[in-house]
1. Starting from 0.36 nm per residue, how many nanometres of slack lie between residue 58 and residue 97 once their C-alpha separation is accounted for?
2. At R0 = 25 Å, how high is the FRET efficiency between residue 138 and residue 77 if r is their beta carbon distance? Nearest 0.05 is fine.
3. Label point 7 Å out from residue 69 along Cα-to-Cβ: which residues of region 100-118 have amide N under 17 Å?
């Protein structure tokens with residue numbers, strides 16, 4: 001029997017009303033941050049649910065960073081804003097171990113000329129599974145959370 005699973009973090013993106021409200025609130029948080037950027041970088045399905053409507057609302061370009069395991073209709077790992085010194089933010093649903101943010105940064109650094117990461121914006125919050133994995137101290141940009149309604153870096157790490 002097929003049953004629709006309700007996940008803790010995606011329900012705010014899959015329901016029409018909640019999704020609309022979350023995207024509008026995240027756009028407001030991005031504007032309030034005062035960060036001047038050219039593009040919104042994302043990866044995966046949940047990232048696309050956030051990034052595409054945000055780019056439309058904020059009138060910004062997108063940077064799609066594919067996962068190595070994604071079936072591709074394109075030979076490119078990174079597509080979108082390719083201008084030199086592209087100033088970008090990363091959007092995602094939540095951070096668990098920091099691997100998605102690191103992978104996005106590494107792929108963009110490899111494929112674009114002198115890109116500038118300026119911040120991470122999350123619909124959810126931080127969910128730590130490995131306290132040593134998230135290296136906020138190595139990130140030169142802030143992390144914002146709609147759930148926490150503020151900048152959450154640097155923060156105390158919490159366990160799962």
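All of the numbers you see were taken from the coordinates with simple rules; none came from a lab. Quick caveat, the model's predicted, so the values are computed rather than measured. Cβ: placed from backbone, ideal geometry, glycine included. Neighbour counts: every protein chain shown.
1. 11.2 nm
2. The formula returns an efficiency of 0.65 here.
3. Inside the label zone: 100-104.
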